[in-house]
1. For the range 240-254, what does the Karplus curve 6.51 cos²θ - 1.76 cosθ + 1.60, with θ = phi - 60°, yield as ³J(HN,Hα) per residue in whole Hz, taken in order and with x for Gly and Pro?
2. Please work out the C-alpha center-to-center distance from the range 213-235 to the range 94-118 and express it in whole Å.
3. State the antiparallel share, in %, of DSSP beta bridges confined to the chain, rounding to the nearest 5.
4. Students often forget the sequence filter, so: which aspartates and glutamates lie under 16 Å Cα-Cα from K232 once same-chain residues fewer than 8 apart are removed?
5. Just by accessible area at a 1.4 angstrom probe, what is the order of K232, K142 from largest to smallest?
6. Once phi is turned into θ = phi - 60°, what whole-Hz ³J(HN,Hα) does the Karplus curve with 6.51, -1.76 and 1.60 give for every residue of the range 187-196, x standing for Gly and Pro?
7. Considering only protein heavy atoms and a 1.4 Å probe, what is the carbon-and-sulfur percentage of the accessible area of the chain?
8. In the structure shown, do any of K302/K341; K121/K342; K302/K342 have a Cα-Cα gap over 18 Å, and if so which?
Amino acid sequence: MAHQGEPAGGQGTQGHNRIRRIATEEAWSIPEIPKAQLELLNGPCPPDDASLRMGAMFAGLPEVQKQLCDIGPGRIARMDELGIDRQLLLLTAPGVQVLDARTGTELAALSNDRLAEACRKYPDRFSGLTAFAPQDVKGAVKEIERGMTKLGLNGAVLNSHTQGHYLDEPAFEPILEALEHFDAALYIHPTSPPSNWVYPYAYRGFIGALAGFSHEVWMHTMGLIFSGAFDKYPKLRLVIGHAGEAMPLLLYRFDWMQSNADGRPGLRGGQPPVKLKHKVSHYFHNNIWVTTSGVAWEPAIKFCMDVLGPERVIYAMDYPYQVSADEVATYDNLDIPFEHKKMLMQTNAEHVFRLPSFG
Ligand code: CA
């Protein structure tokens, strides 16, 4: 097993010959959030929301909560064991998005304050993304601004749909505008599918990582593309995990079948039809980056690098949900050029999330 401080891939130890490992989809939380989720679920009229139920399920796992809420020496010791130089911290799903608007924004702000404090305390080990509550559009815009201009955070995290709503709906446009304006890359992390399509998944045990998570982020990503969001906000940057939720494998077919939805009248509740300026694959080559969270698997990583370009694939582990002691060794042993490995493990993350450079 490789250790922190050792060179990745046996490529020397000095300057540009050293690779630092930055893991970019690493989950954390504050105790107040699962507490609020449990209060809502156990209250007089809990919403029918599989994401809220998932939050409550994780709230009942003390060991997981302990790991999530530790953004101090305990987590750093685990990073040292696992060989991780820096973690990019994302408020874990479903976070504040299952709560009412006011509580959502309050707890997003509280979590962002604590995250910024940990990043200031351990500047070489932690960076983090701004959490926000889209169910409070104005509050979300303010929080993105605060995260990017006052707290020194490195982008924004969305745990996908918010009570069945997606960012491609017109009400959320100020959020897209703010993300572009404040140069915040948006990491869309999965949650359970919304109540109106979760039941076939729940019936079969597929709500989470086997299917529901991926399909749900697929909906969000394709929804944003076909809404014309990236034509309107060409500098908007999106990051999706789990080898791009398998979407890179299908780019050819997406382009071929684009007219099924592109420019068609009568969609999106009767909004004017949107005709895209480009093929679907264009947005994957210009606005979207993918991380390798939970997919420490050479063929998938190489495929993503091949079709998207080595500059669009970023390492992630998915701590504490999917952790294996030999994961970094798998990456050290990838049969790819040194410069691509350095981009994958380090410099792409530094670029996309505007992190301080390890050099
Ligand atoms: Ca994750």
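The values are calculated or read from the model by the stated rules, or taken from the named source; none is laboratory data. From a predicted model like this one, the values you see are computed outputs, not experimental measurements. Cβ coordinates were reconstructed from backbone atoms using ideal geometry, including for glycine residues, and neighbour counts include every protein chain displayed. We work out accessible area using only protein heavy atoms, side chains counted, and drop any ligands, DNA or RNA first. Shrake-Rupley method; radii C 1.70, N 1.55, O 1.52, S 1.80 Å.
1. 3J(HN,Hα) across the range 240-254, in whole Hz: 10, x, 6, 6, x, 6, 6, 5, x, 4, 10, 4, 4, 5, 4.
2. What the calculation gives is 24 Å, centre to centre.
3. Details: 1 of 22 bridges.
Taking every DSSP beta bridge within the chain, about 5 percent pair in antiparallel fashion.
4. Within the straight-line limit of under 16 Å, K232 reaches these aspartates and glutamates: D168, E169, E173, E177, E180, D183, D262.
5. Details: K232 125, K142 145 Å².
Descending accessible area places them as K142, K232.
6. Once rounded to whole Hz, the list reads 8, 9, 9, x, 9, 5, x, x, 4, 7.
7. Numbers: 8760 of 15250 Å².
Reported share for carbon and sulfur atoms: 57 percent.
8. Details: K302/K341 11 Å; K121/K342 26 Å; K302/K342 14 Å.
From the list (K302/K341; K121/K342; K302/K342), the Cα-Cα distance tops 18 Å for K121/K342.
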